[in-house]
Amino acid sequence: MVVFEKPKTLTDAPLHYCPGCTHGIIHRLVAEVIDELGIDGRTIGVAPVGCSVMAYDYFTCDFIQAPHGRAPAVATGVKRADPENNIVFTYQGDGDLAAIGTAETVHAAARRENITVIFVNNAIYGMTGGQMAPTTLPGQVTQTSPYGRDVETVGYPVKVCELLQNVDGAAYLERVSVNNPANVKKAKKAIKKAFQNQIDGKGFSLIEVVSTCPTNWGLTPQKALEWLEENMLPYYPLGVYKDIYAEEEAK
C-alpha cells in the first residue's frame with residue numbers, strides 16, 4: 001500500500017514562505033524526485049539570494065549558499081570537482097537567475113554543464129519587497145512600477161526558456177507550473193527528467209516553474225492562482241522548449 005508522507009529529503013523545519021506561496025510545492029517535488037531516484041547521499045543543492053535563501057533548512061541533502069546570481073557558476077565548480085558522483089542542482093528565482101545571474105545561466109548552458117537548474121518565475125522580486133523583476137509582465141503593477149511596467153522605458157520581460165532555446169549547449173528546457181493538480185504532476189515529471197538527464201550525463205537541463213507571489217501581488221492565494229492562469233500563462237506558455245535527445249530519437 002502506498003502511503004502519502006513527507007519525503008525523506010525534506011527536513012521537519014517549518015517553511016517560512018508566505019501563505020499561498022508555491023515554493024513549498026516545488027520543494028516537495030524536488031525532494032520526491034531525489035528520494036525516488038535514490039540520490040540523496042550524492043545530491044548537492046546551490047541556492048543564491050532570494051526567497052530560496054533558506055533552502056538549506058528544508059532539504060536533508062548538502063547545500064551551498066551562493067552569491068546573488070552566481071548559483072550556476074558555483075554549481076559548475078561543484079559538479080566538475082567530482083563529476084561521476086555529485087548530482088548538483090540550483091534553485092533560483094527570476095530576480096536572481098534572469099537579472100544579475102543572466103550571464104552565469106547562459107554560459108553554463110553554452111558549456112553544456114551537466115547540472116540541473118530549477119527556476120522559479122513569479123514575475124516579481126519577492127524577498128526584497130515586490131520590485132519589478134526581469135520577468136514582470138507588461139503593465140504589471142509592482143513597488144517600482146506603480147503605473148504598470150512600461151516597456152517603452154524599461155523594456156520587455158525576459159523569457160528564459162525562449163532565450164536558452166537558441167543556446168546550442170542547452171539540452172533540456174521545459175516550462176511548467178504548479179497552479180493545479182494536473183500541472184503539479186507534469187512539473188514533477190519534468191523535474192525528474194531533468195535530474196535523470198544529469199545522472200545519464202546528458203548535460204544542462206532547466207525547468208522553469210511559473211509561480212505565484214500572493215503577498216507582493218497583493219492578492220489572496222486563490223486570486224493569485226487565478227491571476228497566474230489568466231495573465232502569466234498566456235505570456236509564458238507551458239511546454240517543452242528544447243529536448244535535444246528526444247529530437248535526435250525522432251529523426
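Annotations for the structure displayed:
- Matching option when the condition is more than 18 Å from the chain's Cα centre (by Cα), touching a residue at least 40 places away in the same chain (Cβ under 8 Å), closer than 16 Å to I244 by Cα and surrounded by 15 or more Cβ atoms within 10 Å (Cβ to Cβ), among G169, G130: G169
- In region 133-149, the residue that is surrounded by the most Cβ atoms within 10 Å (Cβ to Cβ) out of those that are out of contact with any helix residue (DSSP H, G or I) (no Cβ under 7 Å at 6 or more places or on another chain) and of a type in the set (S, T, N, Q) is T136.
- Selected residue [touching a strand residue (DSSP E or B) at 6+ places or on another chain (Cβ under 8 Å), at pLDDT 95 or above and either of a type outside the set (K, R) or surrounded by 15 or more Cβ atoms within 10 Å (Cβ to Cβ) (or both)] from E152, E104, E174: E174
- Pick from region 45-92, criterion among the β-branched types (V, I, T) and buried (at least 24 other Cβ atoms within 10 Å of the Cβ), ranking: farthest from A133 (Cα to Cα): V88
- Residues satisfying the stated conditions in region 198-225, i.e. hydroxyl-bearing (S, T, Y) and out of contact with any Cys (no Cβ under 6 Å at 6 or more places or on another chain): S205, S211, T212, T220
- Residue check for F119: surrounded by 24 or more Cβ atoms within 10 Å (Cβ to Cβ), under 12 Å from the mean Cα position of the chain (by Cα) and either aliphatic (A, V, I, L, M) or over 24 Å from A224 (Cβ atoms) (or both): no
- The set of residues in region 19-42 being more than 17 Å from V176 (Cβ to Cβ) and surrounded by 17 or more Cβ atoms within 10 Å (Cβ to Cβ) consists of G20, I34, I39, D40, R42.
- Of all positions in region 18-35, none carries a residue that is of a type in the set (A, V, I, L, M, F, W, C) and assigned to a strand (DSSP E or B).
For every residue, the table says whether it meets (1) over 22 Å from P7 (Cβ atoms); (2) free of Cβ contacts under 8 Å to residues at least 60 places away in the same chain.
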{"residue": "G41", "(1), (2)": "no, yes"}
{"residue": "V53", "(1), (2)": "no, no"}
{"residue": "I64", "(1), (2)": "no, yes"}
{"residue": "H68", "(1), (2)": "yes, yes"}
{"residue": "V74", "(1), (2)": "yes, yes"}
{"residue": "I87", "(1), (2)": "no, no"}
{"residue": "Y91", "(1), (2)": "no, no"}
{"residue": "D96", "(1), (2)": "yes, yes"}
{"residue": "V106", "(1), (2)": "yes, no"}
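- Selection count where residues are of a type in the set (A, V, I, L, M) and in contact with a strand residue (DSSP E or B) (Cβ under 6 Å, 6 or more places away or on another chain), scope region 55-101: 10
- Candidate set from region 186-228 (those that are in contact with a strand residue (DSSP E or B) (Cβ under 6 Å, 6 or more places away or on another chain) and among the aromatic types (F, W, Y)); member that is nearest to C161 (Cα to Cα): F204
The values are calculated or read from the model by the stated rules, or taken from the named source; none is laboratory data. Just so it is clear, the model here is predicted, and its values are computed rather than measured. Note that we place each Cβ from the backbone using ideal geometry, even for glycine, and neighbour counts take in every protein chain shown.
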